[in-house]
Amino acid sequence: MDQDNLVHNNGQDNVKRQRAWLGVNCLGMMLTLAATVAPAATASPSVHSPSAAEGTAERTFREAALPVLPRSRPGIEDLPPLRPLFPASAEVRLVLKLKERRLYVFQGEAIKASFPVAVGKPGWETPTGSFQVTAMLRNPGWTNPFTGEVMAPGADNPLGERWIGFWTDGLNDIGFHGTPNRESIGQAASHGCVRMFNEHIRQLFEWVDLGTSVTVEP
């Protein structure tokens, strides 16, 4: 074999050996890479249990991420406080029975109270019928219908401490009123008005109003 062929053959052998070495080296790198990656790809999944510090940090992050809502939205008025609903009170009405010389105070169909009274004497009878309260006065003055004398409010005033009018002919008036003449209660002693004890007329005054029904029976 001549020198050129020897050099040529040696050169081919070197190339073959280099290729073989590269193949083996590459194969080794591939096997090493496969050995490194495969366990992570084929390993069974596992559940990670966070530590107490990790859990606290996660909760803090979630709470910080949540928006803070105002207690009341702007532009919306607060609702008014609830109030209990009670049934309306039954209407008060007055029934005066002349023969009994007694006034009955009804609330609805029930008798709320009754009071002894003095009524008109013969010739000055208290008118019967259906009326309404038309005037109410505290500590009224009095004008004598016969002499025109005016008496100021006070302990001796014939109308006592309260006046509750329910009848008029345009000149004279009739109503419930107090009296300093306590012994006349229960009698037919007035000029048509209905006399009551002062303590009773004060109480009645608080129960009635303008327009309260008044029925006068014989």
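Descriptive notes on the structure:
- Put simply, of 162, 101, 182, 138 the only residue that is assigned by TED's automatic domain parsing to the domain that holds residue 207, charged (D, E, K, R) and on the phi > 0 side of the Ramachandran plot is 101.
- The set of residues from region 116-139 being crowded, with 18+ Cβ neighbours inside 10 Å and among the hydroxyl-bearing types (Ser, Thr, Tyr) comprises just one member, 126.
- Filter result (touching a His at 6+ places or on another chain (Cβ under 7 Å) and either outside any strand (DSSP E or B) or basic (Lys, Arg) (or both)) within region 111-139: 124
- Checking each residue in region 196-218 for being touching a residue at least 60 places away in the same chain (Cβ under 8 Å) and among the acidic types (Asp, Glu) picks out 209, 217.
- For residue 211: the one exception among (1) part of a loop (DSSP other than H, G, I, E, B); (2) surrounded by fewer than 13 Cβ atoms within 10 Å (Cβ to Cβ); (3) over 43 Å from the mean Cα position of the chain (by Cα): (3)
- Inter-residue pairs, beta-carbon under 8 Å, first among the polar types (S, T, N, Q) and in region 179-195, second loosely packed, with under 15 Cβ neighbours inside 10 Å, 6+ apart: 190/124
- Test: residue in region 140-161 that is modelled with pLDDT of 95 or more, surrounded by 15 or more Cβ atoms within 10 Å (Cβ to Cβ) and closer than 16 Å to residue 92 by Cβ: no
The values are calculated or read from the model by the stated rules, or taken from the named source; none is laboratory data. These numbers come from a predicted model, not from an experiment. All Cβ positions, glycine included, derive from the backbone under ideal geometry; neighbour counts span all protein chains shown.
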